[in-house]
Amino acid sequence: MSLEAPPPPPPGANPHGEVTVNRSLFCFPANNSASTSSGIFAGDDPLKFYFPLLLYHVCIVFFLSRVIHALLRRSNVPLVISQILAGAFLGPSFLGKVFPNAGKLFASPEGWVQINTVGGYAFMLQIFTVGVKTDLGMIVKSGRKAVAIAFFGTAGPHLAMLAAGAALRSRVPATWKATFMLTNLNSWWSLSAFIVVCSTLDDLNLLSSKLGRLAMSAALVGDFANTFSIAGVTSYLLASSPSEKIHRIGILSLITFSVFIVSMAFVARPAILRIIRDVPEGALLGEARLVGVLLIAVACTLAGEFLGLHATYGPFMLGLMLPGGAPLGVTLDERLDRLVAGVLMPLLFAQGGVRLDVFKLADASTCLLLEVFIVVGAVAKFVSCFFVHQQAPGSASLQPFVCIAPYATMHDDVCAVALDKGATLIVVPFHKRLAIDGSVENTTANAGDVKAANLNVLSYSPCSVAFFVDRGSLSVVSTGSVAAAVAVDADGFFFPHRVAMYFLGGADGREALALAAYMAEDAAIGLTVFRFVLLPEWRRKGGGGGDAKEDRLDDEVVQEYVQRWVDDRRLLYSENEVRGSDELVAVIRKASPAADLLIVGRRAECPESPMTAGISDWSEHLELGVLGDLLTSTDFGCRVSTLVVQQQTKAAAGEIGRSPEKTMRLKDTEITN
């Protein structure tokens with residue numbers, strides 16, 4: 001609740017104990033009610049009219065924030081920080097000081113009113129979308145670790161700032177003591193707001209990750225504990241007030257707050273569920289249904305404003321009560337996210353930067369005191385959440401199946417189980433292994449039948465297929481190799497598991513890169529992606545062996561991996577230009593010994609390329625593809641386990657009617673042996 005009653009007598013209280021609040025009021029001129037101008041040729045100044053001024057703000061903030069973000073992207077600065085910096089650049093700290101007339105365009109009362117209105121509405125829609133996309137059930141399952149992080153992450157900075165305030169009591173200004181500023185700062189800075197955490201995780205695409213669920217759980221527990229503690233203290237102070245009016249307000253606030261929550265749970269939520277009930281599976285909400293959902297969210301916001309709650313409280317709580325995913329969450333993300341988060345929300349964040357005026361910071365001691373409390377609170381949050389990190393082996397959920405079938409129809413059972421379980425990956429152990437003396441031996445007496453079954457699985461699989469060639473403990477680490485970057489980062493940190501992925505392009509290569517990126521989510525895995533491309537003169541000769549569409553898809557997937565994952569430490573990327581298969585083999589032979597696992601694409605539906613010309617003539621195992629057969633051959637001498645990935649073939653996808661996995665991140669992978 002927004003009503004607070006500090007210990008009597010609060011600042012601004014009259015003799016009856018009633019609190020008065022000073023608010024600035026701005027009125028639009030009665031003779032200038034037009035929102036649009038007649039144009040510069042009619043003698044009008046468009047920037048003195050409300051609608052052109054709003055468009056001016058949107059364009060300038062969007063352009064400037066994107067330029068700043070492009071300059072700071074390599075530093076992993078969030079976009080919201082770039083938007084705040086854009087506002088600071090346009091405010092009195094820089095542009096307003098150098099060009100006062102230009103700075104007034106952003107500091108004018110008309111501009112403030114419009115930005116507050118448009119930005120507030122955009123923030124309400126954004127928070128409603130984040131609430132819908134938040135899986136409350138998964139958050140609750142996080143357990144004691146989330147409670148511990150919430151407790152120590154809130155209590156630690158709270159106690160640290162209390163201690164700092166007591167130690168610096170003699171330096172605290174009298175105005176701070178009179179307005180309870182230290183108490184308010186302590187309450188704000190010791191808490192990690194759930195809404196802020198969700199928005200940040202949403203920007204980083206971490207809402208559904210294990211780390212994201214843990215962070216949201218801790219923030220949610222902390223928010224609820226803070227809300228109930230404030231409500232309890234406020235209720236006690238209101239009840240103990242000598243004013244009968246304030247006592248009555250406290251009781252009415254508690255009653256209306258309870259009615260508000262119950263109304264959202266038993267009126268607004270069922271209404272929205274009824275609206276989205278008949279939507280076909282996989283379809284988005286229609287225009288009328290979407291408008292109905294948004295009207296209910298706006299109504300909850302309005303009700304919260306009437307009750308004195310923050311404008312975002314109602315839509316966020318309503319979003320938490322609704323099911324995420326399709327169709328509601330997907331529709332909101334598809335139709336609102338780009339407009340709200342990309343165009344309108346930057347206005348709200350830039351406004352915070354515009355308010356900054358460094359030239360008004362005349363009292364250096366007060367500024368230094370604020371900085372001390374900020375640093376103490378920030379450091380305490382990190383220190384209080386240090387836990388002992390153990391390098392424990394990860395776990396995986398497996399569903400074992402036992403099936404006895406002839407080799408001729410074995411692929412039918414494998415594909416049927418994968419289709420029934422909705423698997424996205426079938427892992428098939430290769431039927432040959434490397435003996436201790438370096439020779440290759442079969443693990444079964446019916447090698448020919450097994451090979452035929454493997455080829456049938458590749459042809460008819462309802463999902464991606466990976467052949468695993470196990471080398472076990474025969475993997476040799478060559479720390480003196482130039483490929484040691486696969487194992488050791490720039491600071492000399494050794495990763496327990498090292499993966500190298502060789503990318504030659506094509507659908508299978510993109511699928512292999514997706515699987516490698518999924519593995520790299522584990523902090524104990526170091527990944528290096530080696531991409532091989534032909535030299536420009538070879539491509540101009542027409543020897544590329546591919547088409548423009550496939551090349552464009554390869555570039556997009558690799559660019560996404562580089563932008564999202566590469567950090568030049570644990571996750572690396574290396575692009576190698578080669579003239580032919582000889583240079584390709586030389587690079588692979590040099591890099592492979594430093595890895596524990598090699599991942600390649602099978603290149604099943606890729607045409608012949610100069611990069612693989614000559615290698616394919618000596619292939620013995622068609623199910624492994626050209627590159628997989630090279631890595632597992634005895635002549636090559638590689639003793640590293642290899643995973644050969646093939647994306648679902650176009651023929652199988654057409655028969656089954658299921659699209660293959662093509663995203664950079666594999667979700668809920670089912671492993672079928």
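The set of residues in the stretch 548-584 that are polar (S, T, N, Q) and in contact (Cβ under 8 Å) with a residue 40 or more places away in the chain comprises Ser574, Asn576. Please indicate, with yes or no, whether at least one residue in the stretch 524-540 is within 24 Å of Leu206 (Cα to Cα), modelled with pLDDT under 80 and surrounded by fewer than 17 Cβ atoms within 10 Å (Cβ to Cβ). Within the stretch 524-540, one or more residues are within 24 Å of Leu206 (Cα to Cα), modelled with pLDDT under 80 and surrounded by fewer than 17 Cβ atoms within 10 Å (Cβ to Cβ). Somewhere in the stretch 574-581, is a residue assigned to a helix (DSSP H, G or I) and modelled with pLDDT of 80 or more? Taking every residue of the stretch 574-581 in turn, at least one turns out to be assigned to a helix (DSSP H, G or I) and modelled with pLDDT of 80 or more.
Here's the yes/no breakdown for (1) part of a helix (DSSP H, G or I); (2) surrounded by 21 or more Cβ atoms within 10 Å (Cβ to Cβ); (3) touching a His at 6+ places or on another chain (Cβ under 6 Å):
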| residue | (1), (2), (3) |
| --- | --- |
| Asp278 | no, no, no |
| Leu285 | no, yes, no |
| Ala288 | yes, no, no |
| Leu295 | yes, no, no |
| Cys300 | yes, yes, no |
| Gly304 | yes, yes, no |
| His310 | no, no, no |
| Gly314 | yes, yes, no |
| Gly319 | yes, yes, no |
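Just a yes or no: is a residue in the stretch 382-402 surrounded by 14 or more Cβ atoms within 10 Å (Cβ to Cβ) and modelled with pLDDT of 80 or more? No, every residue in the stretch 382-402 fails to be surrounded by 14 or more Cβ atoms within 10 Å (Cβ to Cβ) and modelled with pLDDT of 80 or more. Flag: Ala215 does not match the condition of being touching a helix residue (DSSP H, G or I) at 6+ places or on another chain (Cβ under 7 Å), surrounded by fewer than 17 Cβ atoms within 10 Å (Cβ to Cβ) and modelled with pLDDT of 75 or more. If you go through the stretch 474-522 and pick out every residue that is among the aliphatic types (A, V, I, L, M), at pLDDT 80 or above and assigned to a loop (DSSP other than H, G, I, E, B), you end up with 2. Among the residues of the stretch 608-634, those identified as part of a loop (DSSP other than H, G, I, E, B) and closer than 14 Å to Ile588 by Cα are Met611, Thr612, Ile615, Ser633. For the stretch 420-429, what are the residues that are over 29 Å from the mean Cα position of the chain (by Cα) and modelled with pLDDT under 85? Residue satisfying the conditions is Asp420 alone. Look at Asp357 and say whether it is exposed (fewer than 15 other Cβ atoms within 10 Å of the Cβ), among the acidic types (Asp, Glu) and free of Cβ contacts under 8 Å to residues at least 24 places away in the same chain. For Asp357, the condition - exposed (fewer than 15 other Cβ atoms within 10 Å of the Cβ), among the acidic types (Asp, Glu) and free of Cβ contacts under 8 Å to residues at least 24 places away in the same chain - is not met.
Within the stretch 327-348, being among the hydrophobic types (A, V, I, L, M, F, W, C) and crowded, with 17+ Cβ neighbours inside 10 Å holds for Leu328, Val330, Leu332, Leu336, Val340, Ala341, Leu344, Met345, Leu347, Leu348.
If the condition is being modelled with pLDDT under 90, among the aliphatic types (A, V, I, L, M) and surrounded by 15 or more Cβ atoms within 10 Å (Cβ to Cβ), then the stretch 453-473 contributes Ala453, Val457, Leu458, Val469. If you go through the stretch 352-368 and keep only what is touching a helix residue (DSSP H, G or I) at 6+ places or on another chain (Cβ under 6 Å) and assigned to a helix (DSSP H, G or I), you end up with Gly352, Gly353, Val354. The condition (being within 17 Å of Asp203 (Cβ to Cβ) and in a helix (DSSP H, G or I)) is satisfied by just one residue among Phe349, Phe382: Phe349.
Looking at this structure, is Phe257 modelled with pLDDT of 75 or more, part of a helix (DSSP H, G or I) and aromatic (Phe, Trp, Tyr)? Here the answer is yes, as Phe257 does meet what is asked.
Residues that are surrounded by fewer than 18 Cβ atoms within 10 Å (Cβ to Cβ) and modelled with pLDDT of 85 or more were ranked within the stretch 63-88; the one that is nearest to Leu356 (Cα to Cα) is Ile81. Within the stretch 260-276, identify whether any single residue is modelled with pLDDT of 85 or more, of a type outside the set (S, T, N, Q), on the phi < 0 side of the Ramachandran plot and outside any helix (DSSP H, G or I), and answer yes or no. Checked against the condition, which is being modelled with pLDDT of 85 or more, of a type outside the set (S, T, N, Q), on the phi < 0 side of the Ramachandran plot and outside any helix (DSSP H, G or I), the stretch 260-276 yields at least one hit. Just one of (1) over 30 Å from Thr175 (Cα atoms); (2) out of contact with any Gly (no Cβ under 9 Å at 6 or more places or on another chain); (3) in a loop (DSSP other than H, G, I, E, B) trips up Gly342, so point out which. It fails just one condition, (3).
The values are calculated or read from the model by the stated rules, or taken from the named source; none is laboratory data. These numbers come from a predicted model, not from an experiment. Backbone-built Cβ (ideal geometry, glycine too); neighbour counts: all protein chains shown.
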